[in-house]
Amino acid sequence: MTITGSTASAAYWEPLWAEGRRYRPLSETELGLMNDHLGPGRSRPALDIGSGDGTLARHLHHELGYRTTGIDCSPSALALAAAQDTGTAPGPGWRCWDITTGDLAALPDAAYAIVTCRLVYRWMDDKAAFVDRVRRLLAPGGTFWVVTEIAGRRTTSDPALQRLGITRADAELLTAGWSIVRTADLDVLRCYALRP
Ligand SMILES: C[S@@+](CC[C@H](N)C(=O)[O-])C[C@H]1O[C@@H](n2cnc3c(N)ncnc32)[C@H](O)[C@@H]1O
């Protein structure tokens, strides 16, 4: 598949969600790593960027106790996420919002105790600008939780699968300038807990 336009846009993602494409589900192991690094929410605000079907945002909200907002540029993904809020307790808030262009002041909270982004960083065209926007959203002492595939970890030679990983340069860009960088590996994925 040749990609010509931006991979950080609704034009790219909306047709994929609308046609039924889904992404790697969260495993118990991944959830455990996230729980260990993020800790209890105690009603503090959390922002999940590129929330997709909302699984991670719901976990933050219902299991860890963060007051969570999920943002995604795809209306179909958000509709899928909102449709799963079937419990009696209020679920996360959902916003159709583009992290690359959206007005940060329009988000429900000015600063977030945690910002998460799972399988999203790879697709940001301007990764430096993306990380800079996340820094502006993090509260002092907050944590940026990133889950991304690392290039070269798959045994396949299929270029479509190989391109799912980030390069060493992209990893260095992601981890530069934080006071604390913790990582945990999960087969082809790496989880990062980054603190300002
Ligand atoms: C591979 S999916 C991952 C979805 C979800 N985080 C998960 O782990 O299943 C990437 C998600 O990022 C969203 N996305 C991509 N670019 C975005 C942008 N500029 N602003 C907001 N969401 C974006 C897509 O719509 C898509 O839902």
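May I ask you to list the residues in the stretch 21-38 that are of a type outside the set (S, T, N, Q) and away from the ligand (no atom under 13 Å from the Cβ)? Show your work before the answer.
Going through the stretch 21-38, the residues of a type outside the set (S, T, N, Q) turn out to be 21-26, 28, 30-34, 36-38.
Those that are of a type outside the set (S, T, N, Q) and away from the ligand (no atom under 13 Å from the Cβ): Glu28, Gly32, Leu33, Asp36, His37, Leu38.
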Checklist entry - Do we find that Ser51 is hydroxyl-bearing (Ser, Thr, Tyr) and part of a helix (DSSP H, G or I) in this structure? => result no
Checklist entry - So which residues in the stretch 82-103 are within 15 Å of the ligand (Cβ to nearest atom), surrounded by 12 or more Cβ atoms within 10 Å (Cβ to Cβ) and not β-branched (Val, Ile, Thr)? => result Ala82, Gln84, Pro92, Gly93, Trp94, Arg95, Cys96, Trp97, Asp98, Gly102
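Got a sec? Which of Ala110, Ala129 is outside any strand (DSSP E or B), within 12 Å of the ligand (Cβ to nearest atom), hydrophobic (A, V, I, L, M, F, W, C) and free of Cβ contacts under 8 Å to residues at least 60 places away in the same chain? Spell out the reasoning first.
Values: Ala110 fails: within 12 Å of the ligand (Cβ to nearest atom).
Sole residue among the options that is outside any strand (DSSP E or B), within 12 Å of the ligand (Cβ to nearest atom), hydrophobic (A, V, I, L, M, F, W, C) and free of Cβ contacts under 8 Å to residues at least 60 places away in the same chain: Ala129.
Just need a number here: residues in the stretch 19-30 that are farther than 20 Å from Leu56 by Cα and surrounded by 12 or more Cβ atoms within 10 Å (Cβ to Cβ). Even if it seems obvious, please write down each step before you answer.
Here is the first cut: in the stretch 19-30, the residues farther than 20 Å from Leu56 by Cα are 19.
Those left that are additionally surrounded by 12 or more Cβ atoms within 10 Å (Cβ to Cβ): none.
Within the stretch 19-30, residues that are farther than 20 Å from Leu56 by Cα and surrounded by 12 or more Cβ atoms within 10 Å (Cβ to Cβ) number 0.
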Next on the checklist: With the requirement that a residue be near the ligand (Cβ under 8 Å from one of its atoms) and touching an Asp or Glu at 6+ places or on another chain (Cβ under 9 Å), what does the stretch 50-69 give you?
Outcome noted: Gly50, Ser51, Gly52, Leu56
Next on the checklist: Restricting to the stretch 28-66, name every residue that is touching a residue at least 60 places away in the same chain (Cβ under 8 Å), closer than 23 Å to Arg190 by Cα and more than 13 Å from the chain's Cα centre (by Cα).
Outcome noted: Thr29, Glu30, Leu33, His37, Leu38, Gly41
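Collect the residues in the stretch 169-185 that are within 18 Å of Leu38 (Cβ to Cβ) and either at pLDDT below 95 or surrounded by 13 or more Cβ atoms within 10 Å (Cβ to Cβ) (or both), keeping them in residue-number order. Walk me through it before giving the result.
So in the stretch 169-185, the residues within 18 Å of Leu38 (Cβ to Cβ) come out as 174-175, 178-185.
Of everything in the stretch 169-185, those that are within 18 Å of Leu38 (Cβ to Cβ) and either at pLDDT below 95 or surrounded by 13 or more Cβ atoms within 10 Å (Cβ to Cβ) (or both) turn out to be Leu174, Thr175, Trp178, Val181, Arg182, Thr183, Ala184.
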Checklist outcome for this item: Over the stretch 98-119, the set of residues touching a strand residue (DSSP E or B) at 6+ places or on another chain (Cβ under 9 Å) and closer than 16 Å to Ala11 by Cβ is Asp98, Ile99, Gly102
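For the stretch 113-122, state whether one or more residues are of a type outside the set (A, V, I, L, M, F, W, C), buried (at least 21 other Cβ atoms within 10 Å of the Cβ) and in a helix (DSSP H, G or I).
yes
If we keep just the residues of the stretch 73-95 that are free of Cβ contacts under 8 Å to residues at least 40 places away in the same chain and assigned to a strand (DSSP E or B), which is nearest to Glu19 (Cα to Cα)?
Going through the qualifying residues, I end up with Arg95.
From the set of residues in the stretch 132-165 that are more than 22 Å from His37 (Cα to Cα) and not in a loop (DSSP other than H, G, I, E, B), which is farthest from the ligand (Cβ to nearest atom)?
Only one residue fits best here, namely Pro159.
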Checklist entry - Quick check: anything in the stretch 150-158 surrounded by 17 or more Cβ atoms within 10 Å (Cβ to Cβ), within 15 Å of Leu47 (Cα to Cα) and at pLDDT 95 or above? => result no
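The values are calculated or read from the model by the stated rules, or taken from the named source; none is laboratory data. Only a predicted model underlies this, so the values are computations on that prediction, with no experimental measurement involved. Neighbour counts run over all protein chains shown; Cβ positions are idealised from the backbone, glycine included.
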